[in-house]
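Working notes, structure below.
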Amino acid sequence: MSHCKSLLLMLLLWACFLNASIAVGGEPLLAHPHSSKQSDATNIGVKECAACHSAPSPISQFRGVTRFVRLVESKEWLERDKHAYAYQLVRIDKPKHESNELSRRITTKLNYKDGDFERNCLTCHAGLNANEDYSSREVKLDLEFGVRCESCHGPGSEYTKREHHQQVSWRGLKPEEKSELGMWDLTSPSTAAAVCLSCHLGNIAENRFVTHDMYAAGHPVLPPFDLQVFLNAMPPHWQTIQKKSGFGNTLDTNDPHLEAKYISAHYDVAGTPTEIRAAIKGSYDKTRRSMIGGLVANDAGIDLIHQGAARTETWGDYSNYNCMGCHQEIKKNSTTLRVESRVPGRPFPANWLTLDYPKIHASGQETRDILKRELLASFNSVPFGDAQRINQLRDRQRQSLEERFLDRRKMERQIMSKDDVLQWLLFLTESRQDSMNDFWVARQTAWMVCVAIDELIEHGAIAANTLDTVDAMKKELQKMLRLELQIEQKVSVLESQSDILETANRFDSARCGVLVKALVQTAIETR
Ligand code: HEC
Ligand code: HEC
Ligand code: HEC
Ligand code: HEC
Ligand code: HEC
């Protein structure tokens, strides 16, 4: 009898274990980070998209479709984009690169069995979704394309129906309307950032999470994220809104307001079509993307903590904390000793959590401050953080994140003026003053500052006689923080890993602070 009981208990425990290894995290606080409503659409595969998006037919050219979308996107992506090679660099069945060997080593060390590699690695390295059956032949072949069209643009089963996205009338729809049919409108910076971050930071609910076990088995450290810098590092298979013109008057349409309608789906601007064009031409859109991307990253970091805390199986993974909390050299002037909010000896959250949110959002400022304080307090109260205490914040945090999501939607519709850029630079450098001694925060901040400075230069807003000094300071920062990314399609990121880590170890935070301040000062002075 008792024998029977213990067997039953063992089975039960085993069942729990199995369950735990599939369902990994709590529901995210922002249930639909890519869209306001989620559709039931499913993936149709790269080959389907490529059928129309590789080379324009003479008819599409004749009809003027290519003035709106060039229809060469698939070819550009396949031949040049790193994402199209993301599976090839990590596949474990046909080792060809050093990175394949590393992948094998990681999966062997982690004792992976059938399906574990797909479930835990290909969610990021090939955009595998929960509703895709990776053992089916069709899906298997599609996964070989790596991070596929639909991993970024959204599942295509609905919007590719004849009456939808191929039609001229689709162009004027708002991002929310497109997402109802599964298309994530990447022209919206907040949507784009949420999509990129689900892999470039992680999302436990989608099983996109680099665990500490993976790191300790050799997975490269994920760099911080800046939307504009990461977009710059992708070969562009698109034309920005400013570059598209003359698409309102073609064989398919003779609507002088179509361009204005398309622009108004993304910006709050009024006036004649000519005035609207002029308004967006002057907008500092790159800085806007960088800023909004930073805000989304901030919130995605908070969401990740909450997702982790919602389940005992995921809470306590060292990946939830700042790596430097444990991996620091013991030395006199250790930079981690200077993190003010930290209780000595307690691992603390990654630094994007402790970064401020611009005061541009007047609403909800107080709630945000309280939530931030309480979240940090729960990390400081017991080693590794008090998950229960974090869970108690869940509902208020969700509400706050939802408000911020709507705020960002409003914010990204505004034209960004030169004054806005200067204010953003001042806010950014002031709010990050205390955390700039963290190499990763410094790297991301320098990216943001350089995006803004470059755009000011582009608009002729930096005095000509200071350009040489600005250039020299930027070059020094680039070297000090190794700002460039590895973007050659078939070149492994492993080639730059040790270099980045060595750069991090040599990091001179004092000099970096001086340089960033001086750069921003130069921009302000030529106001
Ligand atoms: C039957 C041909 C066809 C297929 C299949 C197709 N597209 Fe398109 N796509 C088009 C055409 C034509 C346009 C331009 C429509 C217009 O004139 O506005 C377009 C436009 C787009 C746009 C720009 C829309 C916007 O709102 O800015 C995106 C993004 C896009 N397609 C992605 C995809 C993806 C991803 C797939 C595969 C899941 C896909 N397409 C499959 C023909 C196709
Ligand atoms: C890693 C993410 C990613 C992947 C993968 C990706 N795209 Fe894109 N795509 C983007 C971004 C970002 C934009 C630009 C959005 C903007 O700023 O308007 C874009 C824009 C487009 C556009 C609009 C072009 C224009 O001129 O406005 C089309 C069409 C498109 N992509 C098709 C595809 C197709 C087809 C594939 C697969 C063969 C693909 N994309 C794969 C990120 C991606
Ligand atoms: C709570 C403390 C803690 C935190 C936070 C932490 N680690 Fe670790 N890490 C350890 C310990 C302890 C080991 C040694 C045990 C092992 O090898 O598994 C280790 C080992 C490693 C190793 C293997 C090193 C070697 O030489 O064998 C890597 C790589 C690593 N961690 C990366 C990271 C990264 C990246 C982060 C941040 C995302 C991080 N760690 C956060 C405690 C931590
Ligand atoms: C489905 C997951 C996924 C999505 C979504 C995604 N990426 Fe990636 N991205 C990857 C992976 C995986 C790699 C690494 C490829 C490799 O080296 O094996 C990568 C690599 C990159 C790199 C080169 C990174 C480096 O360190 O040098 C850039 C830049 C990049 N992505 C930009 C973007 C941008 C911008 C977006 C959003 C528009 C985006 N990605 C969306 C998975 C994704
Ligand atoms: C959260 C998304 C995510 C998950 C999950 C993930 N990775 Fe990665 N991986 C990335 C990104 C992003 C990069 C590129 C890092 C960079 O830009 O430096 C990368 C890089 C790599 C590389 C180096 C690729 C190159 O260019 O040389 C290997 C190998 C790798 N991953 C293997 C794995 C394996 C094996 C797993 C599963 C155990 C896994 N990854 C899980 C996102 C992920």
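The values are calculated or read from the model by the stated rules, or taken from the named source; none is laboratory data. Small disclaimer: the values here were computed from a predicted structure and weren't measured. Virtual Cβ from ideal backbone geometry, glycine too; neighbours counted across all protein chains shown. Please note that ligands, DNA and RNA were not included when accessible areas were found on the heavy atoms of the full protein model with its side chains. Shrake-Rupley method; radii C 1.70, N 1.55, O 1.52, S 1.80 Å.
Quick look at the numbers
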item	result
Complete set of residues in the range 470-502 that are within 25 Å of VAL90 (Cβ to Cβ) and assigned to a helix (DSSP H, G or I)	LEU494, GLU495, SER496, GLN497, SER498, ASP499, ILE500, LEU501, GLU502
Unique residue being away from ligand 1 (no atom under 16 Å from the Cβ) and either within 27 Å of GLY294 (Cα to Cα) or β-branched (Val, Ile, Thr) (or both) when the list is THR123, THR160	THR123
Hey, LYS261 within 15 Å of ligand 2 (Cβ to nearest atom), within 25 Å of ILE415 (Cα to Cα) and either among the basic types (Lys, Arg) or open to solvent by less than 50 Å² (accessible area, probe 1.4 Å) (or both) or not	no
Hey, VAL139 at negative phi, hydrophobic (A, V, I, L, M, F, W, C) and more than 26 Å from the chain's Cα centre (by Cα) or not	no
Lone unmet requirement of (1) away from ligand 2 (no atom under 16 Å from the Cβ); (2) of a type in the set (S, T, N, Q); (3) modelled with pLDDT of 95 or more for GLN38	(3)
Verdict on PHE427 being touching a residue at least 12 places away in the same chain (Cβ under 8 Å), open to solvent by 30 Å² or more (accessible area, probe 1.4 Å) and within 28 Å of LEU186 (Cα to Cα)	yes
Exclusive hit being modelled with pLDDT of 95 or more and either touching a His at 6+ places or on another chain (Cβ under 7 Å) or open to solvent by 50 Å² or more (accessible area, probe 1.4 Å) (or both), set ARG63, ARG80, ARG91	ARG80
Top-ranked residue in the range 141-156 [being under 12 Å from THR42 (Cβ atoms) and assigned to a loop (DSSP other than H, G, I, E, B); ranked as nearest to ligand 1 (Cβ to nearest atom)]	GLY156
Pick from the range 110-153, criterion buried (at least 20 other Cβ atoms within 10 Å of the Cβ), in contact (Cβ under 8 Å) with a residue 60 or more places away in the chain and among the hydrophobic types (A, V, I, L, M, F, W, C), ranking: nearest to SER54 (Cα to Cα)	CYS149
Breaking point among (1) more than 11 Å from ligand 2 (Cβ to nearest atom); (2) more than 21 Å from THR287 (Cβ to Cβ); (3) open to solvent by less than 50 Å² (accessible area, probe 1.4 Å), for CYS199	(1)
Hey, VAL168 within 15 Å of ligand 2 (Cβ to nearest atom), among the β-branched types (Val, Ile, Thr) and in contact with a helix residue (DSSP H, G or I) (Cβ under 6 Å, 6 or more places away or on another chain) or not	no
Residue list for the range 384-403, filter: open to solvent by 10 Å² or more (accessible area, probe 1.4 Å) and under 18 Å from VAL296 (Cβ atoms)	ARG398, GLN399, GLU402, GLU403
Residue list for the range 471-498, filter: over 20 Å from the mean Cα position of the chain (by Cα) and free of Cβ contacts under 8 Å to residues at least 40 places away in the same chain	ASP471, ALA472, LYS475, GLU476, GLN478, LYS479, MET480, VAL491, GLU495, SER496, SER498
Selection within the range 213-222 - touching a helix residue (DSSP H, G or I) at 6+ places or on another chain (Cβ under 6 Å) and open to solvent by 50 Å² or more (accessible area, probe 1.4 Å)	none
Those residues of the range 213-226 which are part of a loop (DSSP other than H, G, I, E, B) and not β-branched (Val, Ile, Thr), in sequence order	ALA217, GLY218, HIS219, PRO220, LEU222, PRO223, PRO224, PHE225, ASP226
Test: residue in the range 195-212 that is in a helix (DSSP H, G or I), at pLDDT 95 or above and more than 11 Å from ligand 4 (Cβ to nearest atom)	yes
Residue count for the range 47-95, restricted to those that are of a type outside the set (Val, Ile, Thr), outside any helix (DSSP H, G or I) and either away from ligand 4 (no atom under 16 Å from the Cβ) or more than 24 Å from the chain's Cα centre (by Cα) (or both)	11
In the range 227-284, residue farthest from SER74 (Cα to Cα) [restricted to those that are assigned to a loop (DSSP other than H, G, I, E, B) and among the aliphatic types (A, V, I, L, M)]	ALA270
The range 479-523, residues that are open to solvent by 20 Å² or more (accessible area, probe 1.4 Å), away from ligand 5 (no atom under 13 Å from the Cβ) and more than 25 Å from GLU329 (Cβ to Cβ)	LYS517, ALA518, GLN521, THR522
Qualifying residue in the range 167-182 (condition: at pLDDT below 95, assigned to a loop (DSSP other than H, G, I, E, B) and open to solvent by less than 30 Å² (accessible area, probe 1.4 Å))	yes
Candidate set from the range 68-77 (those that are among the hydrophobic types (A, V, I, L, M, F, W, C) and crowded, with 17+ Cβ neighbours inside 10 Å); member that is nearest to ligand 5 (Cβ to nearest atom)	TRP77
